[in-house]
Amino acid sequence: MIVLKSTSDFEIESVKYPNFPLLTWETDNPELGIESGMLCVEAMQFLIYECLKRGRVNSENTWWTYGNHLAQFLTFCEQNGLDWRDISESSEDEMLVSAYRDLCVGEFGMTINSTNQHLRVAA
């Protein structure tokens, strides 16, 4: 997952949002219909809703926090060939969100508080 800054050309309903995070896939995944460089539409819809439409987030820094947290989760999925939409708790592959949580705490050494902040955005 690659996070890029939008230019002043990025607008929604005639309002320009320069520096808004744009999330694009880094690698191809033909199984999921993903090509490298393709915009992650669902992630963008989420960010636009959470950061712009709800009206609760006015800071560009918060946009980037949300974008980066979401990108880290999607990168975890991308690098492990996982479908980020598979959030079933009954799958044999283990719960996707739980696996990500355990990775954040165990491998990345993140605190529980930081991990929970990441999960609130990603899950």
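For the range 101-116, a residue qualifies if it is open to solvent by less than 80 Å² (accessible area, probe 1.4 Å) and assigned to a helix (DSSP H, G or I), and the qualifying residues are Leu103, Cys104, Val105, Gly106, Ser114, Thr115, Asn116. Considering (1) among the hydroxyl-bearing types (Ser, Thr, Tyr); (2) touching a Ser or Thr at 6+ places or on another chain (Cβ under 9 Å); (3) without any contact (Cβ under 8 Å) to a residue 40 or more places away in the chain, the lone condition that Thr27 does not fulfil carries the number (3). Scanning the range 55-76 for residues that are touching a helix residue (DSSP H, G or I) at 6+ places or on another chain (Cβ under 7 Å), touching a residue at least 40 places away in the same chain (Cβ under 8 Å) and closer than 20 Å to Arg101 by Cβ returns Tyr66, Gly67, His69, Leu70, Gln72, Phe73, Leu74.
Here the range 1-42 is the region considered, the condition is being modelled with pLDDT of 90 or more, open to solvent by less than 80 Å² (accessible area, probe 1.4 Å) and small (Gly, Ala, Ser), and the residue that is farthest from Gly67 (Cα to Cα) is Ser8. No other residue among Leu70, Leu47, Leu74, Leu52 is surrounded by 14 or more Cβ atoms within 10 Å (Cβ to Cβ), modelled with pLDDT of 80 or more, part of a helix (DSSP H, G or I) and in contact with a Gly (Cβ under 7 Å, 6 or more places away or on another chain) apart from Leu47.
The criterion of being among the charged types (D, E, K, R), at pLDDT below 80 and open to solvent by less than 60 Å² (accessible area, probe 1.4 Å) holds for Asp83. Scanning for something modelled with pLDDT of 80 or more and open to solvent by 80 Å² or more (accessible area, probe 1.4 Å), does the range 86-93 turn up at least one residue? No, every residue in the range 86-93 fails to be modelled with pLDDT of 80 or more and open to solvent by 80 Å² or more (accessible area, probe 1.4 Å). Only a single item in (1) at pLDDT 90 or above; (2) touching an Asp or Glu at 6+ places or on another chain (Cβ under 8 Å) is not met by Trp63, and it is number (2).
The values are calculated or read from the model by the stated rules, or taken from the named source; none is laboratory data. The shown structure was predicted, so the numbers you read here are calculated from the model rather than taken from an experiment. Cβ coordinates were reconstructed from backbone atoms using ideal geometry, including for glycine residues, and neighbour counts include every protein chain displayed. Heads up: the accessible areas ignore ligands, DNA and RNA and are worked out on the full protein's heavy atoms, side chains in. Shrake-Rupley method; radii C 1.70, N 1.55, O 1.52, S 1.80 Å.
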